[in-house]
1. Roughly what % antiparallel, to the nearest 5, for the DSSP beta bridges in region 196-336?
2. Pick from 296, 99, 37: which residue has the top mean-square fluctuation in a GNM of the chain where Cα pairs under 10 Å get a spring?
3. Have a look at 147, 247, 23 and tell me which one the Gaussian network model of the chain (Cα, springs below 10 Å) gives the largest fluctuation.
4. Please compute the contact order of region 141-255 in relative form: average sequence separation of alpha-carbon pairs under 8 Å and at least six residues apart, divided by the residue count, as a percent.
5. Rg to Rh ratio, region 114-160, alpha-carbon atoms and Kirkwood radius?
6. Please state the relative contact order of region 196-336 as a whole percent: Cα pairs under 8 Å, 6+ residues apart?
7. For the chain, modelled as a Gaussian network with Cα springs under 10 Å, which listed residue fluctuates most, 256, 177, 76?
8. Give the distance, in whole Å, between the Cα centre of region 213-246 and the Cα centre of region 104-177.
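Bear in mind that the values in this text are calculations on the coordinates, not laboratory data. Everything quoted here is computed from the prediction, not taken from an experiment. Note that we place each Cβ from the backbone using ideal geometry, even for glycine, and neighbour counts take in every protein chain shown.
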């Protein structure tokens, strides 16, 4: 059995599920790939939604893997002690724990969307597009069992409502919700994305007063483990909503192999900064998406990293003919996109 803790509506939700010992199976001949939507696709969906005056919505599918395609091979499972009556279970679906369970679920979703004339984007296999008479009327991003969608009333009726008939839905939300760690809110003048809730969950690595004095000392194995995990969390934020910490995160990541207490102290300071500062991406209601252009800013430095490596960076803005996207939403911490 496996348990999962999730924060929903500022409350703790604990779930339990049966997990097969999939690592005992020979998987060399099995196809395991299962696409999940990229951060770029999420931003594009939000940008389209904002420009077309749509609200963003999310749908969570309950027990998703048990609703995937039927299993194409014979697998027998020994039941847990609570249900063991001396018989083995023959699986009909790819349950949690099997390496191809996620793919079986994705293929089921893809088939359901195709049957509703929703087409997969050629650039991202987890972004699906619905057009009618050549006009875009709806978009869906798929991240395993979490769907992010936006569209007009016809799209909701013809696609979303039909999907909810085909799958067992756990929950749904509109206008203000959290999607794969991103808090998305719809307003009259635009849509925002932030990770304030995610940032509040970050915990600095504990350092005693005595250890804090040993600035040049190499990190212990336990400190390295905590260091790496925390840098990974910050990198997740840097690539989604906090470009302002991208360089610091990169520098701390590069320094990992020879990290000392000095880097650990710096890491904790960065965590404190992220928790105290509020930054959000703002997607204004553009005048016309059809006339938008891309505006890119780049920079690079030679051998500026601790290991002697060089670093470059870029940020891309989507701008309409009025230049509306380059203005902020009015809060000092906002970054318009």
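1. 75
2. 296
3. 23
4. Computed over region 141-255, the figure is 14 percent.
5. 0.94
6. RCO, region 196-336: 23 percent.
7. Among 256, 177, 76, the largest GNM mean-square fluctuation belongs to 76.
8. One Cα centre to the other: 36 Å.
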